[in-house]
Every structure is written in C-alpha cells, then in structure tokens.
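Before any comments, here is the structure.
Here, each number is a calculation from the coordinates, and none is a lab measurement. Because the structure is a prediction, the values reported are computed rather than measured. Reconstructed Cβ throughout: ideal geometry from the backbone, glycine too, with neighbour counts over all protein chains shown.
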Amino acid sequence: MEAAVVSFVEPLLGSFWGSIKPVWPLIWTLLRIVLILVPLLLSVAYLTFWERKVIGWMQVRIGPNRVGPWGLLQPIADGLKLFLKEIIFPTAADKKLFVLGPILAIAPALALWAAIPFSPGWVLANVDAGVLYLLAVGSVGVYGIIIAGWASNSKFPFFGAMRASAQMISYEISMGLALITVLMVSSSLNLTEIVVGQSKGLFAGMGVGFLSWNWLPLLPMFGVYLISGVAETNRAPFDVVEGESEIVAGHMVEYSGMSFAMFFLAEYANMILISAMVSIFFLGGWLSPVGFLPDGFHWMAAKMAAVLFFFLWIRATFPRYRYDQIMRLGGFWWWASG
Amino acid sequence: MEFKTILFYIFSTVTVVAALRVITARNPVHAALFLVLAFFNVAALWMLLQAEFLALALIMVYVGAVMVLFLFVVMMLDINIERVRQGFWNNLPLGALVGLLMVGEMAVVLSGRYFGLANLPPQNLPADYSNTKELARLLYTDYAYPFEIASVILLVAIIAAVMLTLRSRKDNKSMHPADQIAVKAKDRMRLVKMAPEVELPVAAAKEGE
C-alpha cells in the first residue's frame, strides 16, 4: 500500500519531494495513525448512540430521536456539549495529577490499537510479541483510574478508584489465563499469525471455516474471556464503578466537561478494543465463516459489531452484580477455570 | 548519530531524572508515580536492545501489577514525609558508601574486560528471530529443573504470605457465600395454607336474608 501512495504523492509534490523524503516514514506512520483513530473515535461516538437506541428498543422505549434525522446527530451534540463545558478543578485537588488522570486513561486505550490487525497487512505495527504488547499496555490503563481517584482528594472518587482498579486487576488475570490457551493452540504471539492459524483445520478444509476458529475448541476459555472482558471494561452487569445510590460516578465524580469525556471515550474505545480482541483470538478475525465467500475486513467489522451488540444486550438484560459477588466470581471461579 | 542513539539518550535521561525524583519528591504518591515512569523508560531501553519479551514483561509485572498495589498502599497510608526524612544526614555516609560500591561493581561488569565480553559472538539475528520463543526453549529444556524449583519456591512463598496474614476477626459480621447459596426458602419462611375466604355460618346467612 505504501508504494502506491508514494507513487501518487511523488509527482503531486514535484520538487518538494526531495525535502520531504527523509521524514516520509514519519509522515506515513502519522497518516496511518490518523486512519485508525478517526474511524475509531467516530465509532465510539456512534456506539453511544447505538447503545441508547438498542437498549431503548429492548425496553420498549424510543431512544434518542430528536437531533437530526432519526436522532443521528445526537452523539455530535453530546460531544459539542461536553467540549464547551468548563473543566472545574476542586480546590483541594492535586492539579497536575488531576489532569494526568484522564490522559492516562485514554492513552493506553488508543495506543493498544497499534498492534491490532484489521486485515492481512492492515496493521500499524506488526509486532512479534503482539499479545504481550496488548497485555502490557492494557495493564497501564488502570493508572488513569487510580490517579484520578486520588488526585480528586475526595471520598467518593477514592472509593470508586479502589473498586474499579481492584476489579480491573483481578479480571486482567483471568483474561491473561484465557489467552494462554490461545497462545498454546496457535504457538505464536503475533496477532496476524493467530488469525492465520485459525484458517487451517479439519472443518476449514470442508468449507465451514467458522467451526475451525478458536471459539469451538476453546469454548470454556471463550466464555471466560468474553465475560472477563465485560468486567474489565466496567460494563453492566459488572458496572459497580458507578452507582447513583452508592458511589455516584466513582472516580469520575469531580470531573466535568472534556476531562469527563476522556474517561467516557476511554471506556468505549476499550469496549471496541475488547470486541476486536475477541474477534481476533476466538472468532477468526477477518476470515470468512464459509469457504465460498472471500475473507476481508468486512468480516472483522461484522464480528466486532456482533460482540459489541452482546455487550449492549447484556446491559439491557441483566441486573447488576453485588460488588463482593463480582470479586468472588473473578477471584475464584474465573481464575480456577483459567 | 544514529536515530537509535538519540532515542537511547532520551530514554536514559528520563530514567535518571525520574529515579532522582523518586527520592527527592515530597509527596510519596508522586514518588511512586515517578518510579512507574522510571520502569517505563527502562523497558523502552530494553526494547532498544531487542529484548522485547523482557521489556513487555517488565511493564506487565512491575508497572501493571506491583506498582499498582504499591500505589494502593501509599495512598491509603498517611505518611508524614518530614518524619521519614529525619535521619537523612545520619544515614547519608553509609548510603553513599553502598551507592559507590554498586557503581564500582557495575563499572567492572559493564566494561567487560574481566568477563570476556569481547569474546562473545556478534549478534546476527535472523529476521524471524523471536526473543520469546528462544527464552521459552531455554527455560523448558536446558534449565527445566532450576525453573521448576524456582516456581515451587515462589508458590511456597505465596502460600506462606497468605497464611502469615490470615486471621479471623471476632467482630467480623460477614457470611460465608456458600452458606448463603445453600439456604432454602423453607429455612427462612414458613408457608401456611389457608382458605382464601371464610364461609359465613349457615345461621348468620339466613338472618341476613
């Protein structure tokens, strides 16, 4: 793809090309980062819209339908509102860390996308230790929450941060244990090779490739991973981080405007990331489910959408877990089964 | 100057500054966060040495797990930094001596003259060289027994730590979850069968006519 872009850009710039050439790799990388991040942020915005619509339909309500045709401009209006609001700093807060909190929450959520392959070759950094990278950078995300909770210098955020980080750390372990089985099956840490490894097998040879994907041979681990993913992103029914009647908005109580929106963006970006990881590790990534249809990015997108729908579905369906039950579930059952 | 060299200097400068701030920061939480920054940059330095498994494991284990628990503890304790600093000047000579000794030892090792560093074969890695795979091969073949023994020792340490801190408090009102689940409805509530309405006695019914 790079060669095609270069041959298009070169005559366009003419004599300027000579001065641009040394920094071209940098520009090319930045271009690809933008190409990943802009659709990602757009899908975050429309995921919130879709969530409200889907849950509305499931609960026999209408959902947002006022702003724009079918309410389609609702996320834009929400974003604008958050963007224009003032960021209030509590007097007793630690100012520097108060700003650092939301940044550290969203930075790993975006940085993780560097290693996600969308289609053969469509990956920003095809690193050899891709799974390790995901686990390592993913574990940094918890700092945003802890720092936010502590820097706010108030009770509710601190308790919220304690809850959220304890939950995230314990579910990270069960996710890691579930991933070890995937690594053993595919004997590679490279995400592209994990997907390619799922394209071979008895059923793939018979033309029903979806039975060769990891979800069937690793069915228990698939369940563990999916449920831990829901808990890891603090989504319902494990959304004890927020609760109007107990700890209000957890670590986000003192945040307003864009600084709150950063936490919000991070949560939804993480949801989409978990759906991408589930599709890559267990649902065959961009592979076509049947032999006679071509592979491609559209399959990956469809699988991610299905997993995201599962996230919204269980949010509309299940009542919340009690906090000690969540920790027991994570600390005992999922680790043991892992 | 190669681009890698520039990166090396950036990462090492940040590491040294962060490490200094760990011991000079007034707030213990800030100190812990600077330690996280130092770990992160050391991981980046290891990445420059193509030790990607070690670098990512460092982030995963130290940054992602150990330092989070560390921060928990530091945040919940009310540490008076002035009291901690009281013995600083008394302990400085001993600390400086230990520090100098460590610098000297590191210099001896790293200069390599006495350890035959020059005799090592040049690094000539193929394109598909996987650090993780090589490490795993070594651990599970040549060093299988030391590896197993180390893991058993770690397991013993974990169990020992749990057993040392485990104590049952007398004023604890929590219930065992298994007991909660095992409860049947009839243990808690007695259902009495009753007729929904009582028939009027025949005589009273006649009077009412």
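For chain B, dividing the convex hull volume of the Cα atoms by the residue count gives 402 Å³ per residue. Distant-in-sequence amide contacts of A:V248, defined by a placed amide H-H separation under 5 Å and a gap of 5 or more residues or a different chain, comprise A:G243.
Summing Cβ point charges (Lys, Arg +1; Asp, Glu -1) relative to the Cα centre of the protein assembly as shown gives a dipole of roughly 780 debye.
Within 10 Å of each Cβ of A:96-106, how many other protein chain Cβ atoms are there on average? Don't jump to the answer; show the numbers that get you there.
Values: counts 2, 4, 0, 0, 1, 0, 0, 0, 2, 0, 0.
The per-residue average across the peptide is 1.
How large is the helix-only mean residue ellipticity at 222 nm for chain B, computed as the sum of -39500 (n - 2.57) over DSSP H runs with n ≥ 4, divided by its residue count, in deg cm²/dmol to the nearest 500? Working shown, then result.
Values: 11 runs with 137 residues, N = 209.
Rounded to the nearest 500, it is -20500 deg cm²/dmol.
Take peptide B:54-64, look around each residue's Cβ out to 10 angstrom, count Cβ atoms belonging to other protein chains, and average those counts. Please list the in-between numbers first.
Details: counts 0, 4, 10, 4, 1, 7, 10, 2, 0, 6, 11.
That works out to 5 on average.
Considering helices alone, the calculated mean residue ellipticity of chain A at 222 nm is -20000 deg cm²/dmol, with DSSP H runs of length four and up weighted by -39500 (n - 2.57) and normalised per residue. For A:G284, nonlocal amide neighbours, meaning residues 5 or more places apart or on other chains whose placed amide H falls under 5 Å from its own, are A:N214. When the charge dipole of the protein assembly as shown is built from unit charges on Cβ atoms (+1 for Lys and Arg, -1 for Asp and Glu) and taken about the Cα centre, the candidate among B:V192, A:A269, A:L47 whose Cα reaches farthest toward its positive end is B:V192.
Counting only other chain Cβ atoms within 10 Å of each residue's Cβ, the peptide A:143-152 averages 3. Computed from backbone phi, the HN-Hα couplings of region B:90-101 come to 5, 8, 4, x, 4, x, 5, 4, 4, x, 4, 4 Hz, rounded to whole numbers (Karplus: 6.51 cos²θ - 1.76 cosθ + 1.60, θ = phi - 60°; Gly and Pro given as x).
In plain terms, the residue of B:I59, A:I314 with the fewest other Cβ atoms within 10 Å comes first and the most crowded comes last, giving A:I314, B:I59. In this structure, the pairs whose alpha-carbon distance is over 29 Å, taken from A:K53/A:K303; A:K155/A:K303; B:K4/B:K133; A:K155/B:K173; A:K96/B:K4; A:K95/B:K173, are A:K155/A:K303; A:K96/B:K4; A:K95/B:K173. Any idea what log10 I(q)/I(0) is at q = 0.18, 0.30, 0.32 Å⁻¹ for region A:248-301, Debye with uniform C-alpha scatterers and no solvent? Those come out to -0.66, -1.09, -1.15, one per q.
Determine the equivalent ellipsoid of the protein assembly as shown by diagonalising the alpha-carbon gyration tensor, then write out the semi-axes as square roots of 5 times the eigenvalues, largest first, rounded to whole Å. Don't jump to the answer; show the numbers that get you there.
On the way: eigenvalues 420, 243, 158 Å².
Semi-axes, largest first: 46, 35, 28 Å.
Cα centroid separation, region A:41-82 to region A:87-108: 28 Å. Stokes-Einstein diffusion of region A:1-65 at 20 °C, 1.002 mPa s viscosity, Kirkwood radius from Cα pairs, rounded to a whole number: 142 µm²/s. When both region B:30-62 and region A:244-321 are represented by their alpha-carbon centers, they are found 29 Å apart.
How would you rank B:H30, A:H298, going from fewest to most other Cβ atoms within 10 Å of each one's own Cβ?
Details: B:H30 17, A:H298 13.
Ranked by crowding around the Cβ, least crowded first: A:H298, B:H30.
Applied to region A:165-179, the Karplus parametrisation 6.51 cos²θ - 1.76 cosθ + 1.60 on θ = phi - 60° returns per-residue 3J(HN,Hα) values of 6, 4, 5, 5, 5, 5, 7, 4, 5, 5, 5, x, 5, 5, 5 Hz, with x for Gly and Pro.
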